[in-house]
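All of the numbers you see were taken from the coordinates with simple rules; none came from a lab. In this text the structure is predicted, and so the values were computed from the model without any measurement. With ideal geometry, Cβ positions are generated from the backbone for all residues, glycine too; neighbour counts draw on all protein chains shown.
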Amino acid sequence: MAAADDLEKIAEQEARLVFEGFDEATAFEIGSAIRARGLADSLPIIVDIRLWDRALFYCALPGSTVNNTEWARRKFNVVKMFHRSSYRMVLQKARADRTFPVGDALPIEDYVLAGGGFPIRVKGVGVIGVIAVSGLPERQDHEVVVGAICDHLSIDRQDLALPPVSNS
């Protein structure tokens, strides 16, 4: 039941990780924190923070590739469409080919089922953008973003951490 456990925790993350406001300074603080962690832990990631109409923060760390940027763009589109984290959509759709069903009419070149995109939700406004990380396994991409938002909002990371992965 790992997927069900993750889905339950992700729903809680999305409900609790809500900003009072979000602007360029907020994007820079969160993006810089993710960058610092990435450098400290040698994570080969890109960080892409965008509102619906413009980019606010982008960086690429050593080991990342242009493919990571493309994956982040497609994750952004998923969050924009569903107002849910891209990892939540991965678990809900449960499709090994990483594509949406034909009936969803979402082209593979613009949408991907891959974790690492998280909605920027503002209290009283709703979802206004996305924080995306790409370069690690999708669950880790997701956790990097959630951890940074928790830190920014002064929420204990452990309260919203995904359950440990069982090897059984």
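Each residue in region 74-105 was checked for being of a type in the set (A, V, I, L, M), closer than 25 Å to LEU17 by Cβ and in a loop (DSSP other than H, G, I, E, B), and 1 pass. Under the condition of being in a helix (DSSP H, G or I), out of contact with any Lys or Arg (no Cβ under 8 Å at 6 or more places or on another chain) and surrounded by 16 or more Cβ atoms within 10 Å (Cβ to Cβ), the residues counted in region 10-44 number 10. Taking first residues from region 78-90 that are on the phi > 0 side of the Ramachandran plot and partners that are surrounded by fewer than 24 Cβ atoms within 10 Å (Cβ to Cβ) and in a loop (DSSP other than H, G, I, E, B), no Cβ contact under 6 Å between residues at least 6 apart in sequence or on separate chains turns up. Note on region 1-59: residues that are without any contact (Cβ under 8 Å) to a residue 24 or more places away in the chain, acidic (Asp, Glu) and under 17 Å from VAL79 (Cβ atoms) total 1.
Could we say that ARG50 is assigned to a strand (DSSP E or B), of a type in the set (D, E, K, R) and either surrounded by 15 or more Cβ atoms within 10 Å (Cβ to Cβ) or under 13 Å from the mean Cα position of the chain (by Cα) (or both) here? Talk me through it step by step, then tell me what you get.
Working: assigned to a strand (DSSP E or B): yes; of a type in the set (D, E, K, R): yes; either surrounded by 15 or more Cβ atoms within 10 Å (Cβ to Cβ) or under 13 Å from the mean Cα position of the chain (by Cα) (or both): yes.
When the stated conditions are applied, ARG50 passes them.
Considering GLU70, GLU109, the condition of being among the acidic types (Asp, Glu) and in a loop (DSSP other than H, G, I, E, B) is satisfied by GLU109 alone.
Of all residues in region 148-168, those satisfying the criterion of being assigned to a helix (DSSP H, G or I), surrounded by fewer than 17 Cβ atoms within 10 Å (Cβ to Cβ) and in contact with a helix residue (DSSP H, G or I) (Cβ under 7 Å, 6 or more places away or on another chain) are ASP151, HIS152, ARG157. Only one entry of LYS75, LYS80, LYS93 meets the criterion of being among the basic types (Lys, Arg), in contact with a strand residue (DSSP E or B) (Cβ under 6 Å, 6 or more places away or on another chain) and closer than 30 Å to ALA4 by Cβ, and that entry is LYS75.
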